[in-house]
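The values are calculated or read from the model by the stated rules, or taken from the named source; none is laboratory data. Remember, predicted model here, so these are calculated numbers, not experimental data. Neighbour counts run over all protein chains shown; Cβ positions are idealised from the backbone, glycine included.
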DNA sequence: ACACCCTATGTGATTTTATAACGTCAGCAG
DNA sequence: CTGCTGACGTTATAAAATCACATAGGGTGT
């Protein structure tokens, strides 16, 4: 819960390394802003339509460093005056996921903003079971044991789900 | 990894290696039988109760090399005269998963029999999106990029989900 | 401007997946 | 026998996701 207030102004502290990794304090307003700006830029560049609902959902996801369920998102959309039926949330999420702005955490049936916007990638996640924080790491599935097994039997990997559940550094400290 | 696997008996079945991996033809009656026998033995050894429902569910999972949803299992249980309400299936599945006789495929919200009974392990799966076959490979999550990332930030991994979706060798051939 | 089409959105209903809550019964320890 | 525990059965409900259909807005070509 370290993240849920938009702390103070200080718009000039990109806690680099920590930002990449995900657990660790950082200027959160900054990461929401840049996340939205990056998305907007890429949508313009690629002819994608970052509509109000989609933008709002992305903003909500960026504001948390946790996975949000579709229905949590839906509640907030309702509060903001958007449609209030499940398809509204699911369609926005589908758009964000398909275009790499967000990811689904299969283990939680929930969604997080992508922490590494840009090219396509196969993300890996660390999920804290105490505080629900989620951090995204890079992964190289084709290089590990799984990739080797796939090559050995001739399985053609199209997509991977890599999720680690455990305790985040903050929660370890608190014990 | 470090698995002392119990598969080493396989005297003259055609596809040893394939059996380990999962895609490929093999003596299927054999793998159901040995799967059940192994489970029974381990339950006796460890004081676990392999009750009729649990045994039947395990048998059903062993008969497929695919993930079965809880409700598919429930239908078959009903046909066999067991209780027909969801908790019946979920409780049996919980038992099998908790004790390592089966795994949940998060990506599919479905379940498969464990292909590597024996010690605790962190499985990795290959899921064919054409024919729904599922193969289990060994994984070494702590050694890959994810393990490195976790160590770097001080995240303590307790459990991992590793699932690759793609096309299995059989389906590639058929194209 | 107009008609047309395509995409996105809004809404109601339904399906699929999973859990809560509570009663019963069998096996076993005291 | 009594009381406990773990497994099972059933009703009900929650949570997650999709289907089907209607409407609205923004471009395009004419």
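Tally up the residues in the stretch A:70-126 that are within 15 Å of DNA strand C (Cβ to nearest atom) and either within 14 Å of chain B (Cβ to nearest Cβ) or part of a strand (DSSP E or B) (or both), please.
9
Here's the yes/no breakdown for (1) under 26 Å from residue B:146 (Cα atoms); (2) more than 14 Å from the chain's Cα centre (by Cα); (3) at pLDDT below 95:
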position	(1), (2), (3)
A:71	no, yes, no
A:76	no, yes, no
A:82	no, yes, no
A:87	no, yes, no
A:127	yes, no, no
A:147	yes, yes, yes
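Just to be sure before I move on: is residue A:61 surrounded by 20 or more Cβ atoms within 10 Å (Cβ to Cβ) and in contact (Cβ under 8 Å) with a residue 40 or more places away in the chain in the structure I sent?
yes
Facing another protein chain (nearest Cβ under 8 Å), touching a residue at least 24 places away in the same chain (Cβ under 8 Å), surrounded by fewer than 24 Cβ atoms within 10 Å (Cβ to Cβ) and away from DNA strand C (no atom under 16 Å from the Cβ): is that true of residue B:140 in this structure?
So residue B:140 fits the description; yes.
Among the residues that make up the stretch B:36-47, is at least one of them closer than 20 Å to residue B:134 by Cα and in contact with a strand residue (DSSP E or B) (Cβ under 8 Å, 6 or more places away or on another chain)?
Checked against the condition, which is being closer than 20 Å to residue B:134 by Cα and in contact with a strand residue (DSSP E or B) (Cβ under 8 Å, 6 or more places away or on another chain), the stretch B:36-47 yields no hits at all.
Which residues, taken from the stretch B:156-174, are out of contact with any strand residue (DSSP E or B) (no Cβ under 7 Å at 6 or more places or on another chain) and either more than 7 Å from every other protein chain (Cβ to nearest Cβ) or surrounded by fewer than 16 Cβ atoms within 10 Å (Cβ to Cβ) (or both)?
Matches in the stretch B:156-174: B:170, B:173, B:174.
Condition check ((1) out of contact with any strand residue (DSSP E or B) (no Cβ under 9 Å at 6 or more places or on another chain); (2) buried (at least 16 other Cβ atoms within 10 Å of the Cβ)) across all residues:
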{"residue": "A:109", "(1), (2)": "yes, no"}
{"residue": "A:116", "(1), (2)": "no, no"}
{"residue": "A:123", "(1), (2)": "no, yes"}
{"residue": "A:126", "(1), (2)": "no, yes"}
{"residue": "A:132", "(1), (2)": "no, yes"}
{"residue": "A:145", "(1), (2)": "no, yes"}
{"residue": "A:148", "(1), (2)": "no, no"}
{"residue": "A:154", "(1), (2)": "yes, no"}
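Could we say that residue A:69 is without any contact (Cβ under 8 Å) to a residue 24 or more places away in the chain and either surrounded by fewer than 20 Cβ atoms within 10 Å (Cβ to Cβ) or over 18 Å from residue A:116 (Cβ atoms) (or both) here?
No; evaluated as a whole, the condition is false for this residue.
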